[in-house]
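Trainee: Encoded as structure tokens, here's the structure I'll be asking about.
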Protein chains: 2
Amino acid sequence: MGLDAPTAKPHERLATALATELTAVDALIRQRMSSEHAPRIPEVTAHLIEAGGKRVRPMLTLAAARMCGYEGEDHTKLAATVEFIHTATLLHDDVVDESDRRRGRPTANLLWDNKSSVLVGDYLFARSFQLMVETGSLRVLDILANASATISEGEVLQLTAAQNLSTGPETYLKVVRGKTAALFSAAAEVGGVIAGAPEPLVRALWTYGDALGIAFQMVDDLLDWTDGDTIGKNTGDDFRERKLTLPMIHAVAAASIEERTFWTRTIEKGDQREGDVARARELLERHGALEEVRKEALGWADRAKDALREAPEGELRDMLHDLADYVVARIS
Amino acid sequence: MGLDAPTAKPHERLATALATELTAVDALIRQRMSSEHAPRIPEVTAHLIEAGGKRVRPMLTLAAARMCGYEGEDHTKLAATVEFIHTATLLHDDVVDESDRRRGRPTANLLWDNKSSVLVGDYLFARSFQLMVETGSLRVLDILANASATISEGEVLQLTAAQNLSTGPETYLKVVRGKTAALFSAAAEVGGVIAGAPEPLVRALWTYGDALGIAFQMVDDLLDWTDGDTIGKNTGDDFRERKLTLPMIHAVAAASIEERTFWTRTIEKGDQREGDVARARELLERHGALEEVRKEALGWADRAKDALREAPEGELRDMLHDLADYVVARIS
């Protein structure tokens with residue numbers, strides 16, 4: 001049974017359908033990671049890039065371009081661009097403050113120090129910038145420049161919003177659009193633009209990526225509460241890190257006065273004690289917060305699938321459709 | 001006596017000659033720093049940008065464009081771009097590791113934490129990217145993409161080279177071209193490009209910025225040893241931070257076996273004791289290292305001035321000429 005058999009997962013089937021292009025993207029990534037002047041750079045990035053991620057973002061670019069009839073080769077440059085940007089943001093997310101270490105935050109950057117994470121991340125941003133300039137498309141550059149600004153605005157907004165109990169669903173959505181959905185939507189959109197797709201289709205690709213990214217992040221925030229054992233993480237990591245996600249935002253909105261005191265102590269003041277995670281979980285269930293987020297995530301996956309109606313029928317469209325289902329499969 | 005009197009400093013005379021454009025640049029910077037979604041951003045950046053820096057980099061862009069006969073307004077966007085990139089690199093330089101704190105490195109980021117420095121720096125990079133895309137010049141984008149890669153390669157190279165006694169003058173030059181000269185040269189070059197200057201003049205502007213930047217950094221590295229009291233810093237800060245600069249590189253190259261043991265202990269192993277700074281200073285003088293660097297810096301200032309022969313005669317060329325002298329004035 002090959003990877004393209006019907007039981008293969010959607011991202012695996014996409015990888016099979018796009019195998020030639022993904023090989024070209026990998027070659028480009030390896031080539032552009034190398035640095036004559038600073039040999040330490042590939043050493044740091046190889047760890048992240050070759051860690052066997054699902055490569056969903058670059059596949060969105062490749063699939064969108066091919067689905068829109070693109071026959072050139074610049075889509076591989078854009079796919080590599082998108083992967084570089086993603087890797088750079090991972091490296092910058094790894095930068096921690098001493099206070100974070102004290103709170104027991106899992107430090108992804110144990111292998112390298114803060115300084116390397118920042119500077120190598122900057123190098124990858126610069127490399128991605130060079131790659132997109134090579135496509136010669138000002139519209140692509142405009143889209144990716146705007147996505148970059150949205151990403152960093154979302155990350156900065158999260159810094160202030162995460163421990164603030166007045167953070168509502170709208171602010172959560174802004175953060176998620178920044179830290180996750182902006183790169184998904186730009187990845188799909190530039191695929192359509194490089195292929196010269198008509199405007200309604202370009203907009204539909206943006207909508208697909210945006211909705212897929214939001215569903216993806218909501219599932220992640222939900223699984224943090226329900227799926228601790230299976231992925232090597234503890235339940236309630238976001239709570240421990242004092243990071244308000246949508247389930248907690250809903251529970252805070254519905255909180256009694258006494259419950260609000262609990263959230264103020266644990267999230268705003270960071271005074272967490274034995275049994276607090278279980279208490280938080282119980283409050284989420286009491287107010288139906290997990291079920292509410294589950295429905296919202298499914299709704300965003302539906303919006304992603306709806307957007308694909310604008311796209312040409314075919315194997316790639318079907319796979320992108322199934323990818324939206326797959327993103328929410330673990331909560332369906 | 002006005003600021004444009006002959007006794008005013010060259011950067012002050014440039015600021016007077018470019019006053020209208022600098023006002024436009026300032027307005028653009030303030031406008032683009034603002035963030036509807038993340039109000040914390042201008043709060044962090046205003047401190048840096050409005051701290052009254054000399055704005056040498058944006059003035060290079062404005063002066064180069066005007067000297068080449070430019071009459072449009074995109075040079076102000078590029079000048080703001082250059083200042084944003086400079087500010088972003090300052091923010092990222094502020095990121096420190098716990099080990100750095102322990103070594104007593106002066107922490108410029110006491111006001112904000114590592115995470116804010118990284119993310120707000122990323123935001124400024126993204127904003128600069130948007131501004132340059134607005135000029136619609138792919139050549140400008142190419143120059144600034146390459147400069148960004150050179151900058152971050154230089155910074156990463158410094159991480160590994162700074163505490164390695166086998167670092168020679170060539171590696172030092174690569175680091176300096178990255179961390180300092182690449183933005184000076186790109187700033188001057190894009191001014192010429194946006195003005196549609198002929199190729200030899202564009203190349204000359206690059207050479208001017210490159211040489212000016214190298215002279216600037218060499219003076220900085222020299223003053224670290226000779227000028228401690230007047231700028232509120234201690235003599236030998238680079239030594240304390242185990243950062244090999246050109247004066248130390250020359251002294252290491254000329255070191256006796258016993259002197260080399262000293263450098264290995266203090267720089268490579270970081271075991272520094274009372275009296276070591278004075279000892280290091282004495283070794284620099286014994287081998288004429290400070291005088292050697294002084295001559296090299298003056299040589300780079302001369303190269304900068306030579307490059308200007310390609311430029312149209314006039315007030316702006318004279319000011320850029322005097323700026324090269326001014327950069328090395330404190331060591332002349």
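No lab work stands behind these numbers, since they all come straight from the coordinates. A quick note: this is a predicted structure, and the numbers were derived from the prediction, not measured. When we count neighbours, we look across all protein chains shown, and the Cβ atoms used for this are built from the backbone with ideal geometry, even at glycine.
Trainee: For a protection proxy built on the mean count of beta-carbon atoms within 10 angstrom, sort A:258-268, A:290-300 highest first, please.
Mentor: Sorting A:258-268, A:290-300 by mean packing, highest first, produces A:290-300, A:258-268.
Trainee: GNM, chain B, Cα, under 10 Å: largest mean-square fluctuation among B:181, B:311, B:46?
Mentor: Residue with maximal mean-square fluctuation among B:181, B:311, B:46: B:46.
Trainee: For region A:6-85, state which GluC sites (Glu not before Pro) are in a DSSP loop and have at most 15 other beta carbons lying within 10 Å of their beta carbon.
Mentor: Here the sparse-neighbourhood loop sites are A:36, A:50, A:71, A:73.
Trainee: A further question follows. At 7 angstrom along the Cα-to-beta-carbon line, where would the label on residue B:302 sit relative to the other copies? Give the distances in nm, shortest first.
Mentor: Counterpart label points of residue B:302 in the remaining copies fall at 7.7 nm.
Trainee: Over region A:10-331, what number does the Rg to Rh ratio reach, with both radii from the alpha-carbon atoms and Rh per Kirkwood?
Mentor: Taking Rg over the Kirkwood Rh, I get 0.98.
Trainee: Continuing with the same structure: Placing +1 on the Cβ of each Lys and Arg and -1 on the Cβ of each Asp and Glu in chain A, which of A:324, A:176, A:270 has its Cα farthest towards the positive end of the resulting dipole?
Mentor: Checked the options; the winner is A:270.
Trainee: Something else about it: Largest first and in whole Å, give the semi-axes of the protein assembly as shown's equivalent ellipsoid, each being the square root of 5 times a Cα gyration tensor eigenvalue.
Mentor: Calculated on Cα positions only, the semi-axes equal 46, 31, 24 Å.
Trainee: Give me the distance between the Cα centres of region B:137-164 and region A:130-182, rounded to whole Å.
Mentor: Their Cα centres are 24 Å away from one another.
Trainee: Could you give the nm distance between label points at residue A:36 and residue B:264, where each point is 7 Å from its Cα heading toward the beta carbon?
Mentor: Here the answer is 3.3 nm between the modelled labels.
Trainee: Can you figure out the FRET efficiency of residue B:253 with residue B:138, using R₀ = 35 Å and their beta-carbon distance, to the nearest 0.05?
Mentor: 0.20
Trainee: At 7 Å along Cα-to-Cβ for each site, give me the label-to-label distance between residue B:170 and residue A:315 in nm.
Mentor: Rounded to a tenth, the inter-label distance reads 5.1 nm.
Trainee: So if I take the centroid of the Cα atoms in region B:234-263 and the same for region B:24-38, what is the distance between those two points in Å?
Mentor: Their Cα centres are 43 Å away from one another.
Trainee: Which of the lysines could be linked to residue B:9 by a straight reach, that is with a Cα gap under 27 Å, when you skip same-chain ones fewer than 8 residues away?
Mentor: Partners found: B:54, B:77, B:179, B:233, B:295, B:305.
Trainee: Given Cβ point charges of +1 (Lys, Arg) and -1 (Asp, Glu) and nothing else, what value in debye, to the nearest 20, does the dipole of the protein assembly as shown about its Cα centre take?
Mentor: The dipole of the protein assembly as shown has a size of about 680 debye.
Trainee: Also, I was wondering about something else. Once Lys and Arg get +1 and Asp and Glu get -1 on their Cβ, which of B:194, B:217, B:15 lies farthest toward the positive end of the dipole of chain B?
Mentor: B:217
Trainee: While we're looking at this one, here's another question. If the only charges are +1 at each Lys and Arg Cβ and -1 at each Asp and Glu Cβ, what is the size of the charge dipole of chain A around the Cα centre, to the nearest 20 debye?
Mentor: The dipole of chain A has a size of about 420 debye.
Trainee: While we're on this one: Which residue, A:38, A:187, A:17, has the most motion in a Gaussian network model of chain A that connects Cα atoms within less than 10 Å?
Mentor: Looking only at A:38, A:187, A:17, the largest GNM fluctuation is found for A:38.
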